[in-house]
Amino acid sequence: MPGHFLLSAAARTIGLRQVYAGGEQKAFEQFKKLRWPETGGKPVCPRCGSFESYDIATRRKHKCKACGHQFSVTSGTIFAGRKMAFVDLLAAIVILANAAKGVSMLQLSRDLDCQYKTAFVLAHKLREAVSLEIKGATLSGTVEVDGAYFGGYVRPANLKENRVDRRLAGNRTGKRRVVAVARERQGRTIATVTKSEADGIAFVESVVAPGSILQADEAAHWDAFHAKFKTHRINHSQAYSLNGACTNQAESFLARLRRTVGGQHRRVAPQYLHQFAHEAAWKEDRRRLSNGELSSKKLALAMAHPVSRVWAGYWQRAV
Ligand SMILES: [Zn+2]
């Protein structure tokens, strides 16, 4: 693939060597720059909004001159109460940005030399931050739609006589979900998780602007679209692209997500699947950015995201 963007030097603008050579102080400066972009990284009191503060350099904290409030660069963000060094957090973001199909949490914990659950929660917090950017987004123009099943695999018994009909609801795990995706041509990708492909209809209607043209496969439940949108259908038993009808972009997203889930994460609990789907969509739309830009964008989202409602410290909040 001569000339492919991902093979070019332009795709690589940050590396782990650079992160660690820069050290803790440089990583800290980068966190500040992305937390307070409006002041160029100068701390802003989260309590009263004052720009004047003392630095408590030994603890990398700040004290507001106006109200006396002590705060850090991560106070009130998704990284609030962090225990990891800034340099390790930055390294984690770079490792995750470099992995087009994600990284298993065991691998990340080995790379960072931290506990498995630390890596797990860190990656989930970043996914939560990324999801923020998807909220309220809509698609228009030509939009491809597709859905695919994830999870709920039932392992067949060893002996044939012990095997059950896995198509019957009673023999399923109840953990199977559908990832439905709507992908605007030359535009954004939005994905969601539903219990059945047919449930994807309401999702598509909520994210696709009226007047858009839909592209869907021959599955009968998509027939409902014709009442609301101009809809092209492609019958995959005949062709993948015919007379302007094609869902290849939507399918390539699902294929990539399947490789992410199947190849790296292995078991994704149904309650977390939407986070993986959102992250994959976010990444898909930014696949032509350099790894440095991807890392910065992700960190900026984390710095703009309030304290997680799902993840406390380094483990899941009790609900
Ligand atoms: Zn203050």
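Which members of segment 93-145 meet the condition of being acidic (Asp, Glu) and either closer than 18 Å to residue 284 by Cβ or part of a helix (DSSP H, G or I) (or both)? Correct list: 111, 128, 133, 144.
Among residues of segment 1-25 that are farther than 30 Å from residue 61 by Cβ and modelled with pLDDT under 95, those with a beta-carbon under 7 Å from a residue that is among the hydrophobic types (A, V, I, L, M, F, W, C) and surrounded by 13 or more Cβ atoms within 10 Å (Cβ to Cβ) at least six positions away or on a different chain give the pairs 5/11. For residue 83, the conditions (1) within 15 Å of the ligand (Cβ to nearest atom); (2) out of contact with any Asp or Glu (no Cβ under 9 Å at 6 or more places or on another chain) all hold with the exception of (1).
Residue-level check: of (1) in a loop (DSSP other than H, G, I, E, B); (2) touching a residue at least 12 places away in the same chain (Cβ under 8 Å); (3) small (Gly, Ala, Ser), residue 157 misses just (2). For residues in segment 24-45 being buried (at least 16 other Cβ atoms within 10 Å of the Cβ) and in a loop (DSSP other than H, G, I, E, B), which is farthest from the ligand (Cβ to nearest atom)? Looking at residues that are buried (at least 16 other Cβ atoms within 10 Å of the Cβ) and in a loop (DSSP other than H, G, I, E, B), I get 41.
Reported count of residues in segment 60-80, each being without any contact (Cβ under 8 Å) to a residue 12 or more places away in the chain and more than 10 Å from the ligand (Cβ to nearest atom), is 1. I'd like to check something: does segment 87-110 contain any residue that is within 16 Å of the ligand (Cβ to nearest atom), within 19 Å of residue 33 (Cβ to Cβ) and surrounded by 13 or more Cβ atoms within 10 Å (Cβ to Cβ)? No, there is no match, as no residue in segment 87-110 is within 16 Å of the ligand (Cβ to nearest atom), within 19 Å of residue 33 (Cβ to Cβ) and surrounded by 13 or more Cβ atoms within 10 Å (Cβ to Cβ).
All conditions in (1) more than 30 Å from the chain's Cα centre (by Cα); (2) in contact (Cβ under 8 Å) with a residue 24 or more places away in the chain hold for residue 54, with the sole exception of (2).
Among the residues of segment 46-82, the one identified as among the aliphatic types (A, V, I, L, M), touching a His at 6+ places or on another chain (Cβ under 7 Å) and either in a loop (DSSP other than H, G, I, E, B) or at pLDDT 95 or above (or both) is 78. Would it be correct to say that residue 274 is under 19 Å from the mean Cα position of the chain (by Cα), at pLDDT below 85 and surrounded by 13 or more Cβ atoms within 10 Å (Cβ to Cβ)? Answer is no for this residue. Every test in (1) buried (at least 21 other Cβ atoms within 10 Å of the Cβ); (2) of a type in the set (A, V, I, L, M); (3) modelled with pLDDT under 90 is passed by residue 132 save one, and that test is (1).
The values are calculated or read from the model by the stated rules, or taken from the named source; none is laboratory data. Remember, predicted model here, so these are calculated numbers, not experimental data. Neighbour counts are summed over all protein chains in view; Cβ atoms, including those assigned to glycine, are modelled from backbone coordinates with ideal geometry.
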